[in-house]
Amino acid sequence: MTRTVLVTGASGLLGREVRRTFEIDSWTAFGTALNRPSPPEIIKMDILDAKEIERVLDEVKPDVVVHCAANRFPDSCSANPSAAHALNVSASRALAEATTSRNIFLIYISTDYVFSGAPSEAPYTPTSTPNPPNTYGQTKLDGEKAVLEVSSKADAKNKVVVLRVPILYGKCDEPKESAINVLMSQLWSSQSLSPSDVKIKVDDYALRFPTNTSDVARVCRDLSKLYLDPQKAGRELPSTLHFSSEDQMTKWQIVHIFAEIMGLPLENMKPFRPEDEPTDGVIRPYDCHLDSSALRDLGINVSTVDFRFWWRMEVGAFRH
């Protein structure tokens, strides 16, 4: 029997790849979007409207919902915390209430920013104590608590999973969709700067673990199969899991890789280390490395594509 998945935020960086991955695996794959719907596959839905959520679920009747829709930009969340709370927390709770009452499996995509990222604390396991450094991390943590609380109150065993992931990259419509992809755009922009122009500054402090959206999408698909498996119905499966690449680098090191791949100079860019007290008021963690071993223990494939290899393939840069 063909299963059905519904992906929220399916016009975004991760949601687009998640829907595609399920579809390739012969699922009936629908998505939702507010501003960029593309019917019949991508349905227009205002996720802030609980009635809209219920309507779409009753129309699609999915076996699985992967909740990718979120405000995932720390600056935006800090600038408008009430809007961030509405999307990241309230809408997530309403979605969980709707899926749980319909016996639909829900994967809530969360972030490594639920942790402080203080030096020497990482790697973080699913049982590590969260301590978000900014509004974005706090709203995503509150969203986690909301969906798990709904599941617990309904005694909905194995029906909600929180999947925390780090900074993502992959195929995108616009570079600004990813804090990694945008670095390639900045590298190109730097080529047109004159010697008198201000150099583009790139963070050379925080350790990042860029993870490809196709790998996250695969994990979401494999988790869905595992949690929907009737043979696992009597088993208590984890409600919070981590997935991350092991490719550790700062954004400045990423730019170096891009410059090497493209054969471009870096003279109009320079590294910097953020101040302890950021001028924009948004504290960013130093190292939020996530430990993926709990996923591996479930038999889930936690391998990831090599960062350099993927980008060489993406831009068509091959060495003979």
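On the chain, 50 percent of the accessible area sits on carbon and sulfur atoms, based on a 1.4 Å probe.
Once the Cβ-Cβ distance between Asp49 and Met1 is put in as r, and R0 is 25 Å, what FRET efficiency do you end up with, to the nearest 0.05? Don't skip to the answer; put the middle values down first.
Numbers: r = 31 Å, r/R0 = 1.24.
E(calc), rounded to 0.05, equals 0.20.
For Asn131, the amide hydrogen comes within under 5 Å of the amide hydrogens of Phe115, Ser116, counting only partners 5 or more places away or on other chains and with H modelled in the peptide plane.
One entry in (1) 1.27; (2) 1.34; (3) 0.97 is Rg/Rh (Cα atoms, Kirkwood Rh) calculated from the shown coordinates; its label is (3).
Loop-located trypsin sites (Lys or Arg not before Pro) in the stretch 210-319 (DSSP state not H, G, I, E or B) with no more than 15 neighbouring Cβ atoms inside 10 Å: Arg235, Arg319.
Across the stretch 12-168, C-alpha contacts under 8 Å between residues 6 or more apart give a mean separation that, scaled by the residue count, equals a relative contact order of 22 percent. Only the Cβ atoms of Lys and Arg (+1) and of Asp and Glu (-1) were treated as charged; on that basis the dipole of the chain about its Cα centre amounts to roughly 620 debye. Close amide H pairs (under 5 Å, H built 1.01 Å from N) link Val202 with Lys270, Phe272, residues at least 5 positions away or on another chain. For Lys44, the accessible area of its heavy atoms, probed at 1.4 Å with every protein chain present, is near 120 square angstrom.
By a 1.4 Å probe calculation restricted to protein chains, Ser101 has an accessible surface near 90 Å², given to the nearest 10. Here's the list of lysines a cross-link from Lys176 could span, going by alpha-carbon distance under 17 Å and ignoring same-chain residues fewer than 8 apart: Lys201, Lys251. Taking a sphere under 15 Å around the Cβ of Leu141 and counting the other residues whose Cβ falls inside, with K and R at +1 and D and E at -1, yields a net charge of +1.
Over the chain, give the accessible area per residue in Å² for a 1.4 Å probe, as an integer. Walk me through the numbers on the way to the answer.
On the way: 14830 Å² over 320 residues.
Computed with neighbouring chains in place, this is 46 Å² per residue.
Cross-link reach is defined here as a Cα-Cα straight distance under 19 Å, omitting same-chain residues fewer than 8 places apart; for Lys61 the lysines meeting it are Lys44, Lys51, Lys159, Lys225.
In the chain, the longest principal axis of the Cα atoms and the axis of helix 213-228 are about 20 degrees apart.
The values are calculated or read from the model by the stated rules, or taken from the named source; none is laboratory data. Just so you know, these numbers come straight off a predicted model, no measurement behind them. Cβ atoms come from the backbone with ideal geometry, glycine included; neighbour counts cover every protein chain shown. Quick note on the areas: whole protein, heavy atoms, side chains included, nothing else; ligands and nucleic acids left out. Shrake-Rupley method; radii C 1.70, N 1.55, O 1.52, S 1.80 Å.
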